[in-house]
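The values are calculated or read from the model by the stated rules, or taken from the named source; none is laboratory data. What you are looking at is a predicted structure, and each value in this text was computed from that prediction instead of being measured. Note: ideal-geometry Cβ built from the backbone for every residue, glycine included; neighbour counts use all protein chains shown. Just the protein is used for accessible areas: all its heavy atoms, side chains included, with ligands, DNA and RNA removed. Shrake-Rupley method; radii C 1.70, N 1.55, O 1.52, S 1.80 Å.
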Amino acid sequence: MPADFVLTVMSRDRVGIVAGLTEAIVELGGNIDAISQTVMKGYFTIIVTVQFANGVTADELASAVRHSGASGELEVSVKERRGAKTAPVPAGADRFILTISGPDRPGIIHRITSYLASRGINIEDLYAYSESEGFILMAQLEVPPGPEVERLQMDVEGLWPAGRMQVTLQHENIFLATNHVDFRQDL
Amino acid sequence: MLRTEDIMSTLRMFQEEHLDVRTVTLGINLLDCIDPDVSQLCRKVELKIRRRAGSMVRDCEEVSARYGIPVVNKRLAVSPVSALSAGGGEEAFFRIAQSLNRAAEEVGVDLVGGFTALVQKGMTPAERALIRSVPRALSRTDRLCCGINVASTAAGINVDAINLAAEVILETADRTADRGGFGAAKMTVFANIPEDNPFMAGAYLGYGEADCVVNIGVSGPGVVKRAIERLLEQDEEADLGDIAEQIKKTSFRVTRVGELIGRDVAARLGVEFGIVDLSLAPTPRVGDSVGEILHAMGVTRLGSPGSTAAVALLNDAVKKGGVFASSSVGGLSGAFIPVSEDSALGDAVQAGDLTLEKLEAMTSVCSVGLDMVAVPGDTDAATIAALIADEMSIGVVNRKTTSVRIIPVPGKKAGEVAVFGGLFGRSAILPIRPVGEGASFVQRGGRIPAPIQALNN
């Protein structure tokens, strides 16, 4: 029976983690749809969607991947994908890039993500880091049709005392158009 | 997938470099409004503009909000008005001018171009009547712009048309003497006028264009200036090749933004997208100046030796970046050097560094000509005509567009300051050497034949 899984793995980073876990998937007869992997401050994370046509179970997949690393090294989670293959985003949603920068202090990410959730805005990609110059967050958002961008930006700026955080909200196409040679506008 | 560096570099264009779209210009064909009854013709013109451009300003504002990019000017460019009335004479053209101005005001655009005659080889009675109606039309309207094409590489230079245009420029300035001769700032004389130029005063919708089309003028020179400054902050040893590369990359991004906005506006209006014009169009605002780009490149005194080479480098790099970014590049697509509209150029004129002759030399390597140049009010028509003839010959021989937008400022002399206000800025009045009594070269009239297209040395 065909099966479709989402696999996540987290561990301290080292050379060869992806090679090992993909070998386990290949040996089980799986076909990988998509991978997103990053290393942050020395820790490795990956999310993989994978299909099996031969009746492999979630437990079998998790076990095989776990054994591709040393004992207790890899934290593995497997979920079966069911129903829609994309997130439930309202029709007509536009993608925007939100950036927030300013002095680091606890609660910034919670405050912005809570606000976005309250407005029904899905976060598709999120990246944030803190360094000596301050804190910066970049998020790819799916904004439902309706609220004006300027208004949304003002609302986000209003989450902090005036002038503390610098907020920009730009349509994703701006970044694609200015950075991708093969960008073609799809209106 | 977007990378962090991509996001940050694009954001810099917004935060530090004030990226915008300089103009969205909607071209509207008015040839289907032709009617022997001038009243009917005017009614049809206003109706068609209302119908095709009624939502234009709102659409531009919505697109601007969607992308967070300001659209500085919204403009119209119509079919050459000289083609609309064959027998109505100057009065008919004046009434059409009023209709265009009224319609432009009603739909909320800043300017409307197309009060145009294409007379590079000869003039019909209608074209002559249109040109003669220009002083009255430009002095009694506030949004109308006029372009007269008097020369082309294919046809040569129509010196009769130049002589007429010179008289018209002087009369227009006289009729608007209370505004420093400002009426003349809305009239440009061209060689090789493009059919899809979105910039004023020479915008019009050419005969080869669609019924309605959106043309875009990209962001101003501030973005390029800041990109060069950033390069030199990071690498003070950067050479001119590095600077050209930096300009090219910036132009790529600026062009992409322009096309993005233009295609969205065109889709909302239900019309075709035309072109992106790569011209760097300055404003009097400090930081938004082609002259300041030259300063950033190392030309300390604008007008000194090296200025022409610097403009050539800039113009070429802008084009190379732009044509790689878009397959729909057109219009004028070069760096403008409008003296009164560019604070650094204005300062150079005031300091005596930048002369009319040097400006003329610089126009041989960049778009678009002697632009927004204030000269003494007592300059005679023969001298203005000769100046136009010189500039036209640069365009004709080099197979490029050149133009003259010259403002004889009534009652003022060289060295005094002319203030036009707003985007039109201010400038010291440039001295111009008169052709002198008895000089008859341009006054002989006729045509200077088309230049040879071979033996190109």
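Annotations
- Listed by chain and number, the lysines whose alpha-carbon sits under 28 Å from that of B:Lys48, ignoring those within fewer than 8 places in the same chain, are B:Lys74, B:Lys186.
- Residue order for A:Tyr129, A:Tyr115 - accessible surface, 1.4 angstrom probe, largest first: A:Tyr129, A:Tyr115
- The listed residues B:Glu127, B:Glu61, once ranked by accessible area (1.4 Å probe) with the largest placed first, stand as B:Glu61, B:Glu127.
- The label point for B:Glu5 and the one for A:Ser77, both projected 7 Å from the Cα toward the Cβ, are 3.3 nm apart.
- Two-site FRET efficiency, B:Glu106 against A:Ala162, from Cβ-Cβ distance with R₀ of 45 Å, rounded to 0.05: 0.65
- Region B:28-191 - Debye-derived log10 I(q)/I(0), Cα point model, q = 0.10 Å⁻¹: -0.38
- Peptide-level mean, for B:11-19, of C-beta atoms on other protein chains within 10 Å: 2
- Relative packing of peptides B:22-28, B:353-359 - highest average C-beta neighbours within 10 Å first: B:22-28, B:353-359
- With every protein chain in place, region B:379-444: carbon and sulfur % of accessible area (1.4 Å): 55
- Average partner coverage of B:253-264, which counts Cβ from other chains inside 10 Å: 4
- In the A-B interface, the accessible area buried, summed over both sides, Å² (probe 1.4 Å): 2400
- Between the C-alpha center of region A:141-179 and that of region B:131-166 there is a gap of 47 Å.
- You can think of it this way: the chain between B:Arg179 and B:Ala312 has 44.4 nm of extra reach, that is 0.36 nm per residue less the Cα-Cα gap.
- Burial order of peptide ranges B:391-401, A:53-63 (average beta-carbon count within 10 Å, highest first): B:391-401, A:53-63
- Inter-label distance for B:Phe441 and A:Ile47, nm, one decimal - labels placed 7 Å from Cα along Cα-to-Cβ: 7.3
- Accessible surface, per residue, of region A:3-80 when the full set of protein chains is kept, probe 1.4 Å, Å²: 56
- In this simple spin-label approximation, A:Ser114 and B:His18 carry label points 7 Å from Cα along the Cα→Cβ vector, and these lie 3.9 nm apart.
- Value of relative contact order over chain A, rounded to a whole percent, pairs C-alpha under 8 Å and six or more apart: 21
- Cα gyration tensor shape of chain A, rounded if a/c is under 1.5, else prolate or oblate by comparing a/b with b/c: prolate
- Split the accessible area of region A:3-80 by element, probe 1.4 Å, and carbon with sulfur accounts for 53%.
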